[in-house]
Amino acid sequence: MTPWPAALPGDTVDRIDTPALVLDLEMFERNLQRMADAVKNTGVRLRPHAKSHKCPEIALRQIALGAVGICCQKVSEAAPFVAAGITDILITNQVVGARKIDRLMDLATDAKIGVLVDHARQVEELAAAASTSGIALDVYIEVDVGAGRSGVPPGRDAVALASLIASRSPLRFAGLHCYHGSAQHMRSPQERRQAIASAAAMAQATKAEIESAGITVEVITGAGTGTLVHERDSGVYNELQPGSYIFMDRDYADNQRGDGDIAFEHALFVKTTVMSRPAPSRAVVDAGLKASSVDSGMPVVWGRSDVRYLKASDEHGVLATDDAASPALGDQLMLVPGHCDPTVNLYDHLVCVRNGVVEALWPVAARGAVL
């Protein structure tokens with residue numbers, strides 16, 4: 001927790017202390033509306049992933065524009081959203097361990113909670129806790145449709161798991177979670193299209209096998225910002241989970257846009273100050289590893305082709321400069337982070353700006369929620 005905020009409502013942008021996480025509200029709101037329009041009248045539901053923003057204020061705005069609820073990645077991440085009155089949350093993860101499961105049940109007393117499984121033991125532990133608590137819990141089978149992470153293989157293993165869930169009241173078999181994470185950042189539109197066509201085929205085949213056993217598959221959920229148009233148009237998926245679309249980041253900007261892809265805007269920035277100008281070819285800013293995640297590569301300097309973010313250490317970012325006269329000591333720059341999700345997790349607040357003035361500070365209420 002920082003001892004004071006980077007800005008206060010009413011401050012002009014130039015008065016925002018640095019480093020600060022800045023949200024351009026006009027761009028953000030256009031992104032929200034573009035997504036709402038993308039699913040309108042399609043019969044496909046929107047359940048945005050809150051791990052990108054960790055901010056109840058944003059989740060409430062997504063729901064106001066038609067989202068059915070949100071996704072969270074961890075039980076503790078879901079807690080501040082439940083506290084904010086959000087009543088439909090899918091935890092897109094396996095929940096293992098008695099303490100986590102107990103907390104999951106606590107949340108499920110105030111909200112409709114879904115959770116993923118990919119092993120019979122997870123089902124049995126959830127069923128025992130739900131029975132003791134008297135909680136009805138939605139359970140989704142995670143199917144590995146190409147990401148090579150968690151999930152059962154498509155087909156027979158999913159049928160056995162669905163049968164087990166259906167037999168363990170008060171659990172409810174809610175559907176299939178078929179997220180192809182690595183497809184989100186395949187650079188060419190052809191690669192992304194092919195990856196999701198394959199994922200959809202595996203999801204469809206798994207659904208057919210489960211339903212041949214007499215168990216209805218109501219929901220097939222997945223998708224991310226990089227591929228959502230393909231899941232939306234697949235005829236297989238009926239729920240989408242994009243997260244980064246509200247902000248966008250440098251890594252998503254590296255994707256080649258395909259026909260029909262939605263042109264979301266960069267709305268999230270790290271504001272930084274040049275604090276050293278030690279050489280004509282080098283400037284140093286106050287936004288380093290603790291201000292912007294570099295797991296997906298370095299940030300870029302917004303609106304400046306003559307300046308390149310070269311490397312980062314804890315509290316320093318080194319810029320390569322083509323022009324010795326610019327930027328000058330004390331100049332303020334905006335960075336587009338390489339990866340928005342972990343960058344947001346570094347901050348207590350989003351400094352929300354409209355027309356060059358700070359309009360609000362939105363707490364990143366689920367910051368650090370990794371339990």
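The values are calculated or read from the model by the stated rules, or taken from the named source; none is laboratory data. Not measured: the values here are computed from a predicted model. In this analysis, Cβ positions are derived from the backbone assuming ideal geometry, glycine residues included, and neighbour counts consider all displayed protein chains.
For region 108-148, a residue qualifies if it is buried (at least 21 other Cβ atoms within 10 Å of the Cβ) and over 19 Å from THR221 (Cβ atoms), and exactly one does: ALA130.
For region 244-287, a residue qualifies if it is outside any helix (DSSP H, G or I), surrounded by 22 or more Cβ atoms within 10 Å (Cβ to Cβ) and small (Gly, Ala, Ser), and the qualifying residues are ALA267, ALA283, ALA287.
Kindly check whether there is at least one residue in region 79-89 that is assigned to a helix (DSSP H, G or I) and closer than 27 Å to THR227 by Cβ. Walk me through how you get there before you give the answer.
We begin by selecting, within region 79-89, every residue assigned to a helix (DSSP H, G or I); these are 79-83.
Those left that are additionally closer than 27 Å to THR227 by Cβ: 81.
Among the residues of region 79-89, at least one is assigned to a helix (DSSP H, G or I) and closer than 27 Å to THR227 by Cβ, which makes the answer yes.
Within region 272-287, can one find any residue that is in contact (Cβ under 8 Å) with a residue 60 or more places away in the chain and either in contact with a helix residue (DSSP H, G or I) (Cβ under 6 Å, 6 or more places away or on another chain) or in the same structural domain as PRO56 (by TED's automatic domain parsing) (or both)? No, region 272-287 contains no residue that is in contact (Cβ under 8 Å) with a residue 60 or more places away in the chain and either in contact with a helix residue (DSSP H, G or I) (Cβ under 6 Å, 6 or more places away or on another chain) or in the same structural domain as PRO56 (by TED's automatic domain parsing) (or both).
Taken over region 221-250, the criterion of being in contact with a Lys or Arg (Cβ under 8 Å, 6 or more places away or on another chain) and either closer than 20 Å to ARG187 by Cβ or at pLDDT below 95 (or both) is satisfied by ALA223, GLY226, THR227, HIS230, GLY243, TYR245. Taking the conditions (1) more than 29 Å from the chain's Cα centre (by Cα); (2) more than 19 Å from ASP17 (Cα to Cα) in turn, ASP331 satisfies each one other than (2). Of the residues that make up region 320-331, is at least one within 27 Å of CYS55 (Cα to Cα) and not assigned by TED's automatic domain parsing to the domain that holds HIS53? No, region 320-331 contains no residue that is within 27 Å of CYS55 (Cα to Cα) and not assigned by TED's automatic domain parsing to the domain that holds HIS53. Would you confirm, using the coordinates I've provided, whether VAL143 is in contact (Cβ under 8 Å) with a residue 12 or more places away in the chain and either under 20 Å from ALA213 (Cβ atoms) or not hydrophobic (A, V, I, L, M, F, W, C) (or both)? So VAL143 fits the description; yes. Only one of VAL357, VAL344, VAL370, VAL300 is surrounded by fewer than 19 Cβ atoms within 10 Å (Cβ to Cβ), among the β-branched types (Val, Ile, Thr) and assigned by TED's automatic domain parsing to the domain that holds VAL284; which? Exactly one residue qualifies, and that residue is VAL357. One residue stands out in region 131-154 among those that are closer than 22 Å to TYR237 by Cα and among the aliphatic types (A, V, I, L, M): the one that is nearest to the chain's Cα centre (by Cα), namely ALA147. Taking GLU77, is it buried (at least 18 other Cβ atoms within 10 Å of the Cβ), among the acidic types (Asp, Glu) and closer than 27 Å to PRO337 by Cα? Yes.
Looking for whichever is among the charged types (D, E, K, R), within 20 Å of VAL229 (Cα to Cα) and modelled with pLDDT of 95 or more here; the options are ARG47, ARG61, ARG99. Which one fits?
On the way: ARG61 fails: within 20 Å of VAL229 (Cα to Cα); ARG99 fails: within 20 Å of VAL229 (Cα to Cα).
Going through ARG47, ARG61, ARG99 in turn, just one is among the charged types (D, E, K, R), within 20 Å of VAL229 (Cα to Cα) and modelled with pLDDT of 95 or more: ARG47.
Kindly provide the set of residues from region 205-230 that are within 17 Å of LEU116 (Cβ to Cβ) and not in a loop (DSSP other than H, G, I, E, B), ordered by number. Those that are within 17 Å of LEU116 (Cβ to Cβ) and not in a loop (DSSP other than H, G, I, E, B): THR206, LYS207, ILE210, VAL219, ILE220, THR221, GLY222.
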